[in-house]
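First up is the structure itself, then whatever we jot down about it.
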Amino acid sequence: MLNQFLAIAIAFMIGLTGELVLSLPATRLSDREISQQLQTIPGWQLRDQRIEKTFKFNNFIEAIAFVNRLVTPAESLGHHPDITINYNRVTLSLTTHDLGGLSNLDFDLAQQIDRLIP
Ligand SMILES: C[C@H](O)[C@H](O)[C@H]1CNC2=NC(N)=NC(=O)C2=N1
């Protein structure tokens with residue numbers, strides 16, 4: 001019953017900005033699905049149950065500006081990267097803590113973050 005409910009849990013929610021958004025539940029991906037999804041996000045490396053990428057900028061200010069830009073997609077998805085900042089380098093590590101592994105949300109967020117880079 002709960003599973004049935006979750007299966008149809010295409011939940012309509014009012015987003016932060018008040019617009020109607022369609023939110024699909026996160027699902028843990030199989031190894032095969034992870035391999036397929038990795039093809040869509042160049043530069044991201046699979047490490048255990050995480051995907052990671054380091055972005056390099058000209059200086060600290062640009063690195064921080066990038067971190068600020070990724071707040072919007074992260075909040076929209078309700079999914080948040082682990083972030084390490086080393087002067088002009090920002091390393092992002094994505095995993096789905098709630099599921100203990102990689103989900104569709106990690107790859108959705110990685111794609112949206114890549115689109116932030118000109
Ligand atoms: C309630 C809230 O939506 C959840 O705790 C979200 C928040 N952001 C998250 N981010 C990530 N990376 N993994 C999660 O499991 C997660 N869960």
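Structure notes:
- What the Cβ-Cβ distance of A65 and D98 gives, at R0 = 25 Å and to the nearest 0.05, is a FRET efficiency of 0.30.
- If you take all other residues with their beta carbon under 12 Å from the beta carbon of L29, and give Lys and Arg +1 and Asp and Glu -1, the sum is -2.
- Between Q36 and D48, the simple spin-label model (points 7 angstrom out along Cα→Cβ) gives 2.7 nm.
- Charge sum, other residues only, whose C-beta stays under 15 Å from R47's C-beta, Lys/Arg counted +1 and Asp/Glu -1: -3
- Near the amide H of S103, within less than 5 Å, lie the amide hydrogens of L29, T96, all on another chain or at least 5 residues away, with H placed in the peptide plane.
- Neighbour net charge for K56 - beta-carbon separation under 10 angstrom, K R +1, D E -1: 0
- Placing a label point 7 Å from the Cα of D82 along the Cα-to-Cβ direction, the residues of the range 51-70 with a backbone N closer than 13 Å are 51-53.
- Kirkwood's formula applied to the C-alpha pairs of the range 25-113 gives a hydrodynamic radius of 13.3 angstrom.
Every number in this text was worked out from the coordinates using simple rules, so none of it is lab data. The structure presented is a predicted model; accordingly, all values stated were derived computationally and were not measured. Cβ coordinates were reconstructed from backbone atoms using ideal geometry, including for glycine residues, and neighbour counts include every protein chain displayed.
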